[in-house]
Amino acid sequence: MNSRQIILASTSPRRKEILSLTGLKFETVASDYEEDMTLDLEPLELAKLLSRGKAEAVAKDYKDSIVIGADTFVVLNNELLGKPHDADTATKMLEKISNQAVSLITGYTIIDTANNKNISETVETKIYIKELSDQEIKGYVATKEPLDKAGAFAIQGIGAIFIKKIEGDFFGAMGLPLFDLSKALKKFGISIL
């Protein structure tokens with residue numbers, strides 16, 4: 001039985017849903033960490049840094065807790081693809097990833113605020129996107145799903161119809177790599193089963 005307070009430093013409904021699959025009791029707390037996607041770092045290092053920043057921003061307010069932070073983004077040929085906030089940007093991003101293999105990189109950090117023990121790791125999942133027609137792109141953008149989604153598509157939504165193949169951690173691609181996270185939590189005395 002886990003008696004420690006566990007905090008997910010995120011208000012992402014997807015991350016909350018994924019962590020709920022473990023059966024662990026946890027609460028979600030919004031992180032006020034300001035992401036800087038322009039830092040000159042390799043994508044894997046950037047993902048770790050951003051996840052750490054999110055976790056640390058929440059951890060400072062808790063004395064004896066396990067805090068989990070995560071950050072996910074899409075990379076195509078070493079270019080970070082952020083979240084489009086309008087239809088035009090989403091359309092251009094979808095045209096760019098059409099018939100390409102993209103990497104979804106999720107960084108995660110766990111902090112034990114009782115002793116400041118922490119770990120930061122990354123998981124990379126390769127997603128192969130089919131060739132998208134102009135009509136498919138236009139129709140998909142009209143659903144508004146691509147807006148505010150890294151890389152302009154949702155692996156767990158309508159965007160799944162564009163995915164030919166996945167190599168790696170499905171949940172990692174959704175924002176929280178359960179396999180790696182559950183192994184790392186054991187190092188903090190948190191067991192799922």
Please list, in chain and number order, the residues 5+ apart from residue 4 or on another chain whose amide H is under 5 Å from its amide H, with Hs placed from the backbone.
none
Give me the percent of Cα-Cα pairs in the chain that sit more than 20 Å apart, rounded to a whole number.
54
Please give the helix 87-97 orientation as an angle from the longest Cα principal axis of the chain, in degrees from 0 to 90, rounded to the nearest 10.
90
³J(HN,Hα) computed for each position of region 117-130 - Karplus, 6.51 cos²θ - 1.76 cosθ + 1.60, integer Hz, glycine/proline x
5, 8, 9, 10, 9, 10, 10, 10, 10, 8, 10, 9, 9, 6
How many angstrom separate the Cα center of region 155-175 from the Cα center of region 107-128?
20
Report Rg(Cα)/(2.2 N^0.38 Å) for region 36-120, keeping two decimals.
1.32
Low-density loop GluC sites (Glu not before Pro), region 49-150, at most 15 other Cβ within 10 Å, DSSP non-H/G/I/E/B, are 131
Would you mind checking the radius of gyration and Dmax of region 130-193 based on alpha-carbon positions, in Å?
16.0, 51
Would you please name the chymotrypsin sites (Phe, Trp or Tyr not before Pro) within region 16-105 that are DSSP coil residues with at most 12 other C-beta atoms within 10 Å of their C-beta?
none
If all Cα-Cα distances of region 107-164 are sorted into 10 Å bins from 0 onward, what percent lands in each bin, rounded to whole numbers?
18, 38, 18, 16, 8, 1
Among 151-158, 169-176, 11-18, 112-119, how do they line up from the highest to the lowest mean number of other beta-carbon atoms within 10 Å?
169-176, 151-158, 11-18, 112-119
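Taken together, the values in this text are just the output of simple stated rules run on the coordinates, not laboratory data. These numbers were taken from a predicted model, which means no experiment stands behind them. For neighbour counting, all protein chains shown are included, and Cβ atoms are generated from backbone atoms with ideal geometry for every residue, glycine included.
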